[in-house]
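The values are calculated or read from the model by the stated rules, or taken from the named source; none is laboratory data. Predicted model only: the values in this text are computed from it and were never measured. Neighbour counts run over all protein chains shown; Cβ positions are idealised from the backbone, glycine included. Heavy atoms of the whole protein, side chains included, go into the accessibility calculation; ligands, DNA and RNA do not. Shrake-Rupley method; radii C 1.70, N 1.55, O 1.52, S 1.80 Å.
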Amino acid sequence: MRRIAIYGKGGIGKSTTSANITAALTDKGMRVLQIGCDPKSDSTRLLLNGKRQTTVLDAMRTGDAIELSDVIHEGYGGCFCVECGGPRPGTGCAGRGIIAAFEFLESKNVVNELKPDMIIYDVLGDVVCGGFAMPIRNGYAKDVFVVTSGEMMSLYAANNIAEAVKDFSDSGYARFSGLIQNSRNVKDEDSLIDDAASEIGTDVIFRLRRDPIVQTCEGNDKTVVEGAPESDMASEYRRLAEVMLSRSDDALSRIDES
């Protein structure tokens, strides 16, 4: 089973990217579990055709007994969708909410119950505090990818995430596996991101071009892979999914060799 975390600054397109990767892998016949770790709880929206599901924290707040079926919904192609959720505005810490949600999923043995081939953690990367660093530091993810553009704050967030991964590397947790460029048509964008990758000590594994078909499909509550499967952009997401799969294959090989 492969476990990857996709981080990125809020609004950079990490959830759109994550959902399209999940859809592409599902089309390959893989059982994919996508876990949204953003208080906005919109990670899996496109996989559920716009339906907003009950989050783990919402279910916990009811005080009733919770089963996995209460918080796991089947999405596009049979993928599994979970949203951790967040506290009510002004009433708590989103990071602690993620910790509580992860502990609940672990207590219900979600991996053995669903038997996924791939788990994708979609994680907000503006702040890498204890809760948002859970996929990195607690051994949940094996590979961390960051979605970024050439914008300064996006690159700043990518550097912070890389530093967090480096800090936990001695404990045998996740490795930093590369940058995914989600182009915003910033001047000299490719070179800006290449320079950032060099400073971080990683590489750019894929460059997603800017295409209005993404917004069109989102307006129809669909991923590009579902809403425009013959488009060039859908092909790009499929190629990105293959690249990420091959990188996680490499990680599995290194683990087996050790």
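Across the range 15-49, which residue is surrounded by the most Cβ atoms within 10 Å (Cβ to Cβ) among those that are closer than 22 Å to Y173 by Cα and of a type outside the set (A, V, I, L, M)?
By that ranking, first place goes to G36.
Looking at the structure I just gave you, is E74 in contact with a Cys (Cβ under 8 Å, 6 or more places away or on another chain) and charged (D, E, K, R)?
Considered against the rule, which asks whether it is in contact with a Cys (Cβ under 8 Å, 6 or more places away or on another chain) and charged (D, E, K, R), E74 comes out as yes.
Scan the range 196-229 for residues that are open to solvent by 50 Å² or more (accessible area, probe 1.4 Å), more than 18 Å from L46 (Cβ to Cβ) and of a type outside the set (K, R) and jot them down.
Answer for the range 196-229, where residues must be open to solvent by 50 Å² or more (accessible area, probe 1.4 Å), more than 18 Å from L46 (Cβ to Cβ) and of a type outside the set (K, R): S198, E199, G201, D203.
For the range 230-241: of the residues being open to solvent by 30 Å² or more (accessible area, probe 1.4 Å) and more than 17 Å from the chain's Cα centre (by Cα), which is farthest from E189 (Cα to Cα)?
E230
Out of all the residues in the range 170-190, which are open to solvent by 20 Å² or more (accessible area, probe 1.4 Å) and under 26 Å from R207 (Cβ atoms)?
R175, F176, N182, R184, N185, V186, K187, D188, D190
Those residues that are out of contact with any Asp or Glu (no Cβ under 7 Å at 6 or more places or on another chain) and either in a loop (DSSP other than H, G, I, E, B) or of a type in the set (S, T, Y) (or both), I need them from the range 150-165; list them, please.
Once the filter is applied, which keeps residues that are out of contact with any Asp or Glu (no Cβ under 7 Å at 6 or more places or on another chain) and either in a loop (DSSP other than H, G, I, E, B) or of a type in the set (S, T, Y) (or both), the range 150-165 yields E151, S154, Y156.
Determine whether R61 is free of Cβ contacts under 8 Å to residues at least 12 places away in the same chain, farther than 18 Å from V214 by Cβ and not hydroxyl-bearing (S, T, Y).
Taking the combined requirement at face value, the residue satisfies it.
Step by step: first the residues of the range 181-229, then only those that are in contact (Cβ under 8 Å) with a residue 60 or more places away in the chain and assigned to a strand (DSSP E or B), then the one that is nearest to R247 (Cα to Cα). Which residue is that? Reasoning before the result, please.
Pass one, the range 181-229, residues in contact (Cβ under 8 Å) with a residue 60 or more places away in the chain: 182, 205, 208, 214, 217-218, 221-226.
Okay, now just the ones that are also assigned to a strand (DSSP E or B), so 182, 205, 208.
Numbers: N182: 19, I205: 9, L208: 17 Å.
So the residue we want is I205.
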